[in-house]
Amino acid sequence: MKKISALIVSLFLILGLTACSKNEDKNASIQFFNALHNTMEEKSGRIAGSILMDSDEPSEITLDLYYDQTNDLKLAITTGLEANGNTQPNFLDFYIKDGKTYLNSLGTKTSSSVEKIGLAKDSKLGSMDPFLDLNDTQKKEWLTNAKVEGDTYSFDIDKTLLSNMLDSYGSVSIERAKLKAKIQDDRIDSLSMDIKAKQSINKHQIDTSIKVELQASEYGQLKEVPFPTT
């Protein structure tokens, strides 16, 4: 379940500032991380999007995430997979409700308690923010070459830091990593990432490009988290 929790955070993360000036550009990375955390602290919301991966076997993952943390945490993530001309709905579905977790992986269903993934019933997604403890200097190291156009912010992601986060064993090498986010009311409205990487597996190198597109909506207005009936 810890691996599933890490995947959720990654997806969520693979989930989420104003007019330009030199001063704003210098602090754009800080504003982005603040907006990311504000998004994770919202009472409720929905994030939908896709992850396109082009490597030896090109594939696309579609995802739909709903959350309500007004009281106890409620979460629903459904994903679909398209690969080799085949479509697999409900590829990996994960839910949190009434202090329990539910996983449906290709029809194999398991359940556990939220404590098993390090959460409490009333936990907030913000407590899972891996960037929460970064100071301002570290935030600026993560996101560089900021460009601000209205409410759209563009960055280069530090390739070394991202490589280390994805794989502490050094088998992943990042060649390109760019992030663009539209932020309104100090929350992420949309986000896109463009990453090119090499992964070494048993002395074999795989070139991979990853494109992520996420769109957020219904902040504080979500009426219901959709859970399966069975």
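The values are calculated or read from the model by the stated rules, or taken from the named source; none is laboratory data. Quantities reported herein were computed from a predicted structural model and do not represent experimental measurements. As a convention, Cβ positions derive from the backbone with ideal geometry for all residues, glycine included, and neighbour counts pool all protein chains shown. Just so you know, the surface numbers come from the protein's heavy atoms only, side chains and all, with ligands and any DNA or RNA stripped out. Shrake-Rupley method; radii C 1.70, N 1.55, O 1.52, S 1.80 Å.
General remarks:
- Net charge dipole size for region 85-160 [Lys, Arg +1 and Asp, Glu -1 on Cβ; Debye, nearest 20]: 400
- For region 130-198, the Cβ-based charge dipole about the Cα centre amounts to some 320 debye (Lys, Arg positive; Asp, Glu negative; other atoms uncharged).
- Dipole orientation for region 188-229: of the candidates 219, 199, 229, 199 has the Cα lying most toward the positive pole (charges on Cβ; Lys, Arg +1; Asp, Glu -1).
- Projecting the Cα positions of 30, 181, 117 onto the charge dipole of the chain (unit charges on Cβ atoms of Lys, Arg, Asp and Glu, taken about the Cα centre) puts 117 furthest along the positive direction.
- Maximal additional length on extending the residue 127-residue 221 stretch stands at 31.7 nm, based on 0.36 nm per residue less the C-alpha distance.
- Accessible surface of residue 46 - all protein chains present, 1.4 Å probe, nearest 10 Å²: 70
- Both radii were evaluated on the Cα set of region 75-165; the Rg over Rh quotient, with Rh as the Kirkwood radius, amounts to 1.10.
- From the largest down, region 158-225 spans 50, 25, 19 angstrom on the principal axes of its Cα atoms.
- Exposure check, 1.4 Å probe, all protein chains in place: residue 194 carries approximately 40 Å² of accessible surface.
- Region 117-199: radius of gyration over Cα atoms, expressed as a fraction of 2.2 N^0.38 Å: 1.26
- Cα gyration tensor of region 99-144 - equivalent ellipsoid semi-axes, whole Å, descending: 32, 15, 6
- Taking N as its residue count, the alpha carbon Rg of the chain over 2.2 N^0.38 Å: 1.03
- Surface/4 of the Cα convex hull for region 37-110, nm²: 6.0
- Ranked from largest to smallest solvent-accessible area, with a 1.4 Å probe on the protein heavy atoms, 173, 113 come out as 173, 113.
- Each of residue 147 and residue 211 was given a label point 7 Å from its Cα along the Cα-to-Cβ line. The distance between the two points is 1.7 nm.
- Per-pair calculated FRET efficiency, R0 = 41 Å: residue 203 and residue 64 via Cβ, rounded to 0.05: 0.60
- Between residue 105 and residue 192, the contour length at 0.36 nm per residue exceeds the Cα-Cα span by 28.7 nm.
- FRET efficiency, 1/(1 + (r/R0)^6) with R0 30 Å, evaluated for residue 41 and residue 229 via beta carbons: 0.50
- Cut-off 16 Å (backbone N to label point 7 Å along Cα→Cβ of residue 71), residues of region 189-230: 223-225
- Per residue, the accessible area of region 17-127 comes to 51 Å², computed with a 1.4 Å probe over protein heavy atoms only.
- Between the listed residues 59, 48, 83, the Cα displaced farthest toward the positive end of the dipole of region 41-83, a dipole computed from Cβ unit charges relative to the Cα centre, is found at 48.
- Within the chain: Cβ-based charge dipole about Cα centre, in debye rounded to nearest 20 (Lys, Arg +1; Asp, Glu -1): 400
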